[in-house]
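Remarks on the structure that follows.
The values are calculated or read from the model by the stated rules, or taken from the named source; none is laboratory data. From a predicted model like this one, the values you see are computed outputs, not experimental measurements. For neighbour counting, all protein chains shown are included, and Cβ atoms are generated from backbone atoms with ideal geometry for every residue, glycine included.
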């Protein structure tokens, strides 16, 4: 796909920063740049990204405590730390928390912060919807966790198999909280997916063709498509479960003829793409970190991109490998065995490409690099044990044992979480203007790596010895004692590693006070986000960037001499923007995303306890939506738009590209305040932008 | 690498004059954000209804013999009429948008009201149908067919209802003078949604009502 000659956004410089005061709309919009209100009502993708990340780290602590409780219970045979009932709740909420409230929002944090920057955009396509996604996710996460205080948390496993999750076997309100809470976070993910896909497809800087986008942007795009199509399936499954539990429907009522496989199919049609939703963002992060610290471009960029897309497609055809022992028949088992083996191929391509990127590179083992390399290694172990599940006779032995637990912790903890920790160390200076301490970071990495392998390595053995998943305790003569004790010890080593990370944040933050400002590009990096100041100013870039090749920023800093050696051709300070532009039009903050999001848990509580509360929630949502729609537009000048040409000092503005007639408006059902152009900066001369289509 | 040092020059070059900015929104694909987002949303909705229809088919196939089933309750002629009413509302929706594009505000309002009324008639038909079924003994909790049928058609009915609310909102906007050909796209997007809901009903009507039971 090539870009049209109209740039997706125009930047301007020289005007005063004016928040348009409005006379058009019914309601006013919040103002102010500092204080808690500026965070609560913000629509800035960077602040939203930071809040996603902070919430994910908070839930990481919650989920981590739950993990430690599980390990304490299993440390010795016949453990009595938790009752059977409490144990069910703890392992269910550990899974739900880590999947839906840690890894997914952490990926959303990176997506929000980095996607617009990596494609050279001002913000996402729908900033208010973006804020809504954040608050809806947070509302769902808090709603889920309030179940602890309201009669018991969900206790049917994170997969919530019906009818085990039905009223008969799970009579507390826990599974209602599960079904409704995940429904809320699902709404957040769906809205976010629509928003981010639109952003990537519609708001790329001139010359930023799809195949010049960084691999991270690509992987996040694939993830958003997976979310777009996977979320509605789990939505249906959760509705069916809710209707069974709340209104007495018969979807999973075996006595009425229902088949429990319905839930398993619906859940895993969502659940297996979900696995790639968890891992692909980390793949993208590793594909950004490894080239920078190998001082080489990513090896086989098109293979990297296409293998990601292939994983995205094939991820829809492997779900029944979660159901090999459910009696789906030999043909189904054979088909899903094969497809599961095939999906290892694009994953293997990625691993090869990371290694080939490092091969012959000038390696710098920063903390970010260590985490990325660690993630490649740990993911490879988890991927290989995953291939053993594809062989269905072996899987029949392994299923529902600790071997499975070991496998998915190696891919999700060892792959996703370590990849994301790598990303946190890598982009921390970009977001906050100071680096995390490297020495403490490296110590933390090794502690975490050792603890991780101590915890989950032995689970392979336990599983093959026959220790079942989700058992509350085991007998002393089962032969599980040693490795369970080791795993519990390892889990506390992990806890130390995580604490070191939090300590590192506090320490680095303290030390950064009064330190000279960090430049835009502390790692000598490659993608566009490093081309603007750190921390990134609200308006992202001072000028529009015209992209002529992959790794644009790197190639503006470095060139080749006549012998083909890499030489510096421009200092970073000259290439990068200093963030001093004034008068850039930005979407205004808004009250309503948080109001609408607040309505969601009310609806959910009401469905469980009292329909009147649902009414209150519905009113909040409906009122919030109408206020949202009739909120004054960002820019009253949008409709009469030709009075800002004079103020552009560069004088190179042509005709306004923001033809009012085709602008999206604050009306109707959709969010209308995308980061739309304010000033008509010059559109790039069409032929120049097009002729640079060939990459050097 | 000669262009490396001054990559911004392409930006500061005089803009190509005469490009028809007003005709194309300044986005990479040429589609506005709103329209692209609506298409993506409808793509997602396909999976929602796909899962619901699959659930219905699955449930129907598992209905124990002797229980109240589709053949006992469906009134195909009645539902055919209400389906026809709903399909006609797509026609009036198109006429409404066309009127707005031509600036014929009065016609626009007439067609919007007609669309909403046709949608409302369909919903009224559904309420009537549900009442009849209920009186025949098919409640939501009666059996697996009842649960699946009411859930599927209920979800569709909710979608139509939301569509009617959006149509009425544009009508109010129009009466208050807030709607002009300039924001015809908003109406176009509501139209997309409306047509989508109609198409889903064609599927539901065919698969649920017309396929041999």
(message) Is it the case, given these coordinates, that residue A:165 is buried (at least 24 other Cβ atoms within 10 Å of the Cβ) and either away from every other protein chain (no Cβ under 13 Å) or more than 30 Å from residue A:71 (Cβ to Cβ) (or both)?
(response) yes
(request) Please state which of the following conditions residue B:195 fails to meet, knowing it meets all the rest: (1) away from chain A (no Cβ under 12 Å); (2) surrounded by 15 or more Cβ atoms within 10 Å (Cβ to Cβ); (3) more than 25 Å from residue B:51 (Cα to Cα). (result) (3)
(request) Could you look through the range A:229-273, keep only residues that are touching a residue at least 12 places away in the same chain (Cβ under 8 Å) and in a loop (DSSP other than H, G, I, E, B), and pick out the one that is farthest from the other protein chains (Cβ to nearest Cβ)? (result) A:260
(request) For residues that are in contact (Cβ under 8 Å) with a residue 40 or more places away in the chain and more than 15 Å from residue A:250 (Cβ to Cβ), tally how many sit in the range B:53-78. (result) 10
(request) Check A:189, A:147, A:172, A:165 and return the single one that is farther than 30 Å from residue A:301 by Cα and either modelled with pLDDT of 95 or more or not in a loop (DSSP other than H, G, I, E, B) (or both). (result) A:147
(request) Please indicate, with yes or no, whether at least one residue in the range A:551-560 is more than 10 Å from every other protein chain (Cβ to nearest Cβ) and assigned to a loop (DSSP other than H, G, I, E, B). (result) yes
(request) Hey, can you tell me all the residues within the range A:342-356 that are in contact with a helix residue (DSSP H, G or I) (Cβ under 7 Å, 6 or more places away or on another chain) and surrounded by 15 or more Cβ atoms within 10 Å (Cβ to Cβ)? (result) A:343, A:344, A:346, A:347, A:349, A:350, A:351, A:353, A:354
(request) Name the residue, out of B:48, B:31, that is at pLDDT 95 or above, surrounded by fewer than 21 Cβ atoms within 10 Å (Cβ to Cβ) and on the phi < 0 side of the Ramachandran plot. (result) B:48
(message) I'd like to verify a number: residues in the range A:495-544 that are closer than 19 Å to residue A:584 by Cα and in a loop (DSSP other than H, G, I, E, B), how many?
(response) 13
(request) Scan B:88, B:38 and give me the residue that is modelled with pLDDT of 90 or more and more than 7 Å from every other protein chain (Cβ to nearest Cβ). (result) B:88
(request) Identify the single condition in (1) modelled with pLDDT under 95; (2) in a helix (DSSP H, G or I); (3) closer than 24 Å to residue A:559 by Cα that residue A:356 does not satisfy, given that it satisfies every other one. (result) (1)
(request) Those residues that are in contact (Cβ under 8 Å) with a residue 60 or more places away in the chain, in a helix (DSSP H, G or I) and surrounded by 17 or more Cβ atoms within 10 Å (Cβ to Cβ), I need them from the range B:168-189; list them, please. (result) B:171, B:174, B:184, B:185, B:186, B:187, B:188, B:189
(request) Scan the range A:481-500 and give yes if some residue there is surrounded by fewer than 15 Cβ atoms within 10 Å (Cβ to Cβ), over 27 Å from residue A:438 (Cα atoms) and more than 28 Å from the chain's Cα centre (by Cα), otherwise no. (result) yes
